[in-house]
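The values are calculated or read from the model by the stated rules, or taken from the named source; none is laboratory data. Not measured: the values here are computed from a predicted model. Reconstructed Cβ throughout: ideal geometry from the backbone, glycine too, with neighbour counts over all protein chains shown. Just the protein is used for accessible areas: all its heavy atoms, side chains included, with ligands, DNA and RNA removed. Shrake-Rupley method; radii C 1.70, N 1.55, O 1.52, S 1.80 Å.
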Amino acid sequence: MLHDHLAKPCTLPNMMFTTIEFGDTEFSVPVRYQNLLPKGVGAQGTVCAAYDTVTQQNVAIKKLSRPFQNVTHAKRAYREFKLMKLVNHKNIIGLLNAFTPQKSLEEFQDVYLVMELMDANLCQVIQMDLDHERMSYLLYQMLCGIKHLHSAGIIHRDLKPSNIVVKSDCTLKILDFGLARTAGTTFMMTPYVVTRYYRAPEVILGMGYKENVDIWSVGCIMGEMIRGGVLFPGTDHIDQWNKIIEQLGTPSQDFMKRLQPTVRNYVENRPAYPGFTFERLFPDVLFPSDSSEHNRLKASQARDLLSRMLVIDPERRISVDEALLHPYINVWYDEGEVNAPAPGPYDHSVDEREHTVEQWKELIYQEVMEYEITHGHNALSTAHCTAHGPGQDDADDAERPARR
Ligand code: AMP
């Protein structure tokens with residue numbers, strides 16, 4: 001549990017950082033960050049809310065504990081960090097600062113990423129009774145963020161409510177960048193169960209994929225907002241596939257032909273399910289209750305959009321651009337948000353790189369140092385450090401070019 005926190009300021013000799021303990025997680029942050037409060041725990045680490053005394057804004061600080069502990073963790077941390085630096089869109093979480101409290105590559109352990117602070121993740125919002133306005137606005141923003149990632153050549157493939165955050169004013173940001181191109185069967189030592197409920201059939205079945213793979217996840221999230229429960233809560237890939245075909249029906253032969261032989265054999269030998277109509281899957285009573293003409297129209301539009309997103313065969317599924325133009329969504333259409341300038345192209349060779357844990361450690365360390373040099377925010381934190389001893393700046397600088 002992350003409740004009882006003990007302030008332990010000045011554990012490091014130069015006293016630029018302060019260390020707070022939340023249960024068994026230690027947060028060592030520059031003293032500019034105050035009022036730390038635990039906010040959430042993910043597969044990569046712990047997230048705290050804090051107040052940045054320099055910019056005078058609330059921020060979220062994510063600690064990646066020993067991100068190089070194994071190759072999978074390392075690749076993911078490196079990729080996330082690179083992409084966060086690259087992407088700049090209002091519906092994708094932005095990086096405000098990055099630092100490590102350790103003083104050298106040899107000591108290097110943890111990376112901290114400072115981001116804009118949001119209020120809640122989408123898991124919490126899905127539980128609420130959302131009206132059509134909020135639901136369609138949240139979906140519109142997801143689609144804008146996804147389209148922006150696609151414009152940089154990043155296809156997410158793993159969108160889920162825990163990785164989408166919102167503010168009380170209904171603004172939304174996507175927190176992560178999904179699966180690397182070469183992800184797949186890599187084994188990851190993590191105590192967290194990976195949620196696969198939102199993964200598209202082509203991901204579950206190991207097929208090729210295109211941009212509208214992400215539309216499936218949006219469909220699952222939208223369906224959950226309406227139904228109030230996960231649509232396809234499979235315990236594993238096989239169970240997940242069963243849940244999908246029981247509700248949506250066995251896909252066509254045309255789809256089967258595109259499967260790898262062993263997968264095709266399994267899929268074709270499942271019982272044939274007719275599936276249910278979308279009126280049965282999402283009956284009127286599930287939609288926001290106001291029964292005025294206007295809302296009736298909205299419910300039928302919402303169901304129509306769902307029926308175009310939750311399509312097993314990606315060749316028949318709606319595209320991101322089409323979804324943005326759908327009547328349920330296009331009420332929010334803003335050219336600047338939909339077609340924001342694409343970020344610089346993402347170098348996918350990162351996803352293909354093979355390194356040892358030690359090499360990853362060095363690569364991640366270099367990235368953090370480079371960030372500190374180019375942004376130099378953390379140097380400011382020394383200004384707040386009253387107990388900073390004489391001469392220590394020089395000693396520090398010899399090891400950390402970023403503090404120059
Ligand atoms: P992550 O480690 O990125 O999967 O985040 C774990 C959880 O921490 C999320 O599900 C959110 O509840 C919370 N969280 C992460 N980043 C932020 C943020 N920028 N603002 C608010 N909450 C966040």
Point to revise | Three-way shape call for the chain based on the alpha-carbon gyration tensor, with the a/c threshold at 1.5 | key: prolate
Exercise for review: Taking the dipole about the Cα centre of the chain, with the C-beta of Lys and Arg at +1 and of Asp and Glu at -1, give me whichever of I226, S252, G376 is farthest to the positive side.
Suggested key: S252
Practice item. Hey, for a label at T195 modelled as a point 7 Å past Cα toward Cβ, could you say which residues of the range 90-120 have their backbone N under 14 Å away? Key: 120
Practice item. Collect residues whose amide H, placed 1.01 Å from N in the peptide plane, falls under 5 Å from the amide H of A120; neighbours closer than 5 in sequence don't count. Key: V166
Check your understanding: When the chain is fully extended, how far beyond the present Cα-Cα distance does R296 get from T235, taking 0.36 nm per residue of separation?
Key -> 18.4 nm
Point to revise | Average accessible surface area per residue within the range 55-107, 1.4 Å rolling probe, Å² | key: 36
Check your understanding: Hey, any idea what % of the chain's accessible area is carbon plus sulfur with a 1.4 Å probe?
Key -> 52
Point to revise | Inter-label distance, nm, simple model (7 Å from Cα along the C-beta direction), D347/K90 | key: 3.2
Check your understanding: For the chain, modelled as a Gaussian network with Cα springs under 10 Å, which listed residue fluctuates most, S168, S151, S65?
Key -> S168
Revision key, fill the gap. Interchain or sequence-distant (5+) residues whose placed amide H lies within less than 5 Å of the amide H of T250 are Y273, G275
Point to revise | Pair T262, Q127: separation of 7 Å Cα→Cβ label points (nm) | key: 4.1
Review point. What list of ³J(HN,Hα) values in whole Hz, one per residue of the range 79-93 in order, does the Karplus curve 6.51 cos²θ - 1.76 cosθ + 1.60 (θ = phi - 60°) give from phi, with Gly and Pro shown as x?
Key: 5, 4, 5, 4, 5, 4, 5, 7, 8, 9, 8, 5, 9, 10, 4
Practice item. Please work out the FRET efficiency for the pair Q57 and F276, using the Cβ-Cβ distance as r and a Förster radius of 51 Å; give the result to the nearest 0.05. Key: 0.60
Revision key, fill the gap. Each label sits 7 Å from Cα toward the beta-carbon; between H355 and L105 the label points are separated, in nm, by 1.0
Check your understanding: Once Lys and Arg get +1 and Asp and Glu get -1 on their Cβ, which of H73, N88, N121 lies farthest toward the positive end of the dipole of the range 44-150?
Key -> H73
Review point. Ordered by residue, what ³J(HN,Hα) values in Hz, to whole numbers, does the range 200-216 give under the Karplus form 6.51 cos²θ - 1.76 cosθ + 1.60, where θ = phi - 60° and Gly and Pro are x?
Key: 6, x, 5, 7, 4, 8, x, 9, x, 8, 9, 3, 6, 4, 6, 5, 4
Point to revise | V111 long-range amide H proximity, modeled H, under 5 Å | key: L64, R66
Point to revise | Under-21-angstrom lysine pairs by C-alpha in the range 1-159, whenever the two are 8 or more apart or on separate chains | key: 20
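Loop by DSSP (not H, G, I, E, B), at most 13 other beta-carbon atoms within 10 Å: where is the longest site-free stretch of the chain for GluC sites (Glu not before Pro)?
With GluC sites (Glu not before Pro) excluded where exposed in loops, the chain gives 108-314 as its longest stretch.
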